[in-house]
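The values are calculated or read from the model by the stated rules, or taken from the named source; none is laboratory data. Everything quoted here is computed from the prediction, not taken from an experiment. Because the Cβ atoms are built from the backbone with ideal geometry, glycine has one as well, and the counts that use them run over all protein chains shown.
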Amino acid sequence: MKQNEESILEYDALIVVTAKDFERVQSQYHRLAANLPVRRIFFVGNEEVAQLVQNAGLGEKVGFLDENAVLPFEAVHAVMKDALRDVLDGQELPRGITGWYYQQFLKMQYARMCDDAYYLVWDGDTIPCAPFSMFKEGTCVPYLDMKHEYYPQYFDTMAKLIPDLHKCFEKSFISEHMLMNSEIMRELLLEIEAGQNIAGESFWEKIIHAIDAKGLQENSFSEFETYGTYVAMRRPESYRLRDWHSFRYGGVFYSLNTISDADYAWLSKDFFAISFEKGDFVREDQKNLFDNKKYQEKLSARQMLEIAQQEFKEGSYLEVWK
């Protein structure tokens, strides 16, 4: 591989996280440094996150990036307050409503300060089970990973921002991570900002103003779905599609305090990663299932999950193999 091609494969990871979530999943963060295929890992957050990163002892590969140096939170919060002023009726806007959009805007805005061809966006509650690559073997062609979700409101917002964008795959680009092409992301931001029919100048102002008050409260935008659809319709030659299998409900069956190296090794045969979503916990009737060594000897992680999913409630996310 030529030297300039090798440089393309050098990129950093961006993990936007709150202090509470950092502390909750911190026991597993050494696996990020060991397994993510990146040069450096930057946790993006506030001053409290900065202190946690400094004290975590995760090594020189892991650093911190001030969220306000990427995009000031208060600027976004002010626009969100204005958009919801009729609903608020004089009450204060909870920071969490703004925060859900803000963390997505950070991942998009970062393209405008990134000197590399790519940057990896990675969810802070998701842990890679083993090392992996984001590029097709022996090439500089990156993967755009796909799973199985569908939220119509994401595509409604997308179509308001860029009218000819629409859902073009059965699968979803929401996969707890995404390798962003900096140039393509900048193109997307400029195209959003060029829209004349929506108020605001910056891409994030236009996204907020493209959504009505009810939709803003129901999280009606996805940076992953928007970017993936944009690539598929504008620059399809830039990526190769890949099925990405990850264990979404890891926190329902594994405790962060007890999951072991052996568990990760077993999981890695079927899953790229495992997520520990906020609010998930191991119920008494779900203990000693996935981490049961006897079961692991007889069944694969995929087989175990397929059995478990038969008991999931309607509307729960299902991992699908085809």
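Things to note:
- Residues of the stretch 195-254 classified as in contact with a helix residue (DSSP H, G or I) (Cβ under 6 Å, 6 or more places away or on another chain) and of a type in the set (D, E, K, R), total: 5
- Condition check for residue 76: touching a Phe, Trp or Tyr at 6+ places or on another chain (Cβ under 8 Å), more than 21 Å from residue 278 (Cβ to Cβ), of a type in the set (Val, Ile, Thr) and in a loop (DSSP other than H, G, I, E, B): no
- When restricted to residues that are free of Cβ contacts under 8 Å to residues at least 40 places away in the same chain, within 19 Å of residue 275 (Cα to Cα) and among the polar types (S, T, N, Q), the stretch 19-57 contains 1.
- Qualifying residue in the stretch 153-165 (condition: among the hydroxyl-bearing types (Ser, Thr, Tyr), surrounded by fewer than 16 Cβ atoms within 10 Å (Cβ to Cβ) and touching a residue at least 40 places away in the same chain (Cβ under 8 Å)): no
- Within the stretch 262-280, being closer than 19 Å to residue 29 by Cα, out of contact with any helix residue (DSSP H, G or I) (no Cβ under 6 Å at 6 or more places or on another chain) and surrounded by fewer than 19 Cβ atoms within 10 Å (Cβ to Cβ) holds for 262, 265, 268, 278, 279.
- One residue from 143, 150, 118 being outside the structural domain of residue 262 (by TED's automatic domain parsing), under 19 Å from residue 232 (Cα atoms) and surrounded by fewer than 15 Cβ atoms within 10 Å (Cβ to Cβ): 150
- Selection status of residue 96, within 20 Å of the chain's Cα centre (by Cα), farther than 27 Å from residue 270 by Cα and modelled with pLDDT under 95: yes
- Failed condition for residue 196, given (1) at pLDDT below 95; (2) within 18 Å of residue 76 (Cβ to Cβ): (2)
- The criterion of at least 3 residues that are over 16 Å from residue 126 (Cβ atoms) is met, among helices (runs of 4 or more DSSP H) falling completely within the stretch 239-322, by 261-267, 293-298, 301-309.
- Complete set of residues in the stretch 1-19 that are at pLDDT 85 or above and either exposed (fewer than 12 other Cβ atoms within 10 Å of the Cβ) or among the aliphatic types (A, V, I, L, M) (or both): 13, 14, 15, 16, 17, 19
- Selected residue [in contact with a helix residue (DSSP H, G or I) (Cβ under 7 Å, 6 or more places away or on another chain) and either of a type in the set (Gly, Ala, Ser) or touching a residue at least 40 places away in the same chain (Cβ under 8 Å) (or both)] from 134, 146, 180: 180
- Selection of the stretch 28-48 for residues being under 23 Å from residue 178 (Cα atoms), over 18 Å from the mean Cα position of the chain (by Cα) and not in a loop (DSSP other than H, G, I, E, B) yields 30, 34.
- When the residues of the stretch 216-261 are filtered to those that are surrounded by fewer than 19 Cβ atoms within 10 Å (Cβ to Cβ) and of a type in the set (D, E, K, R), the one that is farthest from residue 205 (Cα to Cα) is 261.
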